[in-house]
Amino acid sequence: MRKTITDEQTSPYRFTSPTTGCGFAFIPLTRKDEKDALRLLDYLTAANKYEQRLDKCIGIFFVRQQDGGCSLGWCYLKSKWKYDHLLAGLIGEYFPFLPVEERDVLRYTLNT
């Protein structure tokens, strides 16, 4: 959200839940990219799903609005992973993501 609020261009953030096998792509967009937001959302969500070899993925874009607020859109893709010549080529030519690292993250913190 910080990148969106400052209208700073950055690569999408992403993670995968090993429990559900679902990937998530958080896509901060600049105001100049707003007109292409739905196209970028579709492409980057599909690219994350493909690159991580997932059967399902949720993508969410964020764009700062003129009044300082933030608008967002999301999509859910679900289909068996299979080789896709077009996506493989696009990802190989222009890798749009930050590197992935594996780590355990605690799900909940309980204050008792």
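Key figures
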{"item": "Exposure proxy ranking, count of Cβ atoms within 10 Å, fewest first, for V100, V63, V105", "result": "V105, V100, V63"}
{"item": "Distance (nanometres) between label positions extended 7 Å along Cα→Cβ at D33 and L72", "result": "1.6 nm"}
{"item": "Neighbourhood net charge (12 Å Cβ-Cβ; Lys/Arg +1, Asp/Glu -1) for F24", "result": "+3"}
{"item": "Lysine pairs with alpha-carbon atoms under 27 Å apart, the chain, spacing 8 or more or separate chains", "result": "14"}
{"item": "HN-Hα J in Hz across the range 31-41 - Karplus 6.51, -1.76, 1.60, θ = phi - 60°, x for Gly and Pro", "result": "4, 5, 8, 4, 5, 9, 4, 5, 5, 5, 4"}
{"item": "Sum of side-chain charges, R39 neighbourhood, beta-carbon under 15 Å (Lys, Arg +1; Asp, Glu -1)", "result": "-2"}
{"item": "Computed Kirkwood radius, in angstrom, where 1/r is averaged over Cα pairs of the chain", "result": "15.0 Å"}
{"item": "Estimated vicinal HN-Hα couplings, Hz - the range 44-52 in sequence order (Karplus 6.51, -1.76, 1.60; Gly, Pro = x)", "result": "5, 5, 5, 5, 5, 4, 5, 4, 8"}
{"item": "Pairwise label distance in nanometres, S79 with D104, each label 7 Å out on the Cα-Cβ vector", "result": "3.6 nm"}
{"item": "Separation in nanometres of the label points that stand 7 Å from Cα toward Cβ, at F97 and R53", "result": "1.3 nm"}
{"item": "Computed helical MRE - 222 nm, the chain, DSSP H runs ≥ 4 contributing -39500 (n - 2.57), nearest 500", "result": "-7000 deg cm²/dmol"}
{"item": "GluC sites (Glu not before Pro) restricted to the range 1-64 and DSSP loop, no more than 16 other C-beta within 10 Å", "result": "E8"}
{"item": "Rel. contact order, % - alpha carbon contacts under 8 angstrom, at least six apart, the chain", "result": "25 percent"}
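A short reminder: the numbers here are calculations on the coordinates, not readings from a lab. Because the structure is predicted, anything quoted here is derived from the model rather than measured. A quick note on method: Cβ atoms are made from the backbone with ideal geometry, for glycine too, and the neighbour counts reach across all protein chains shown.
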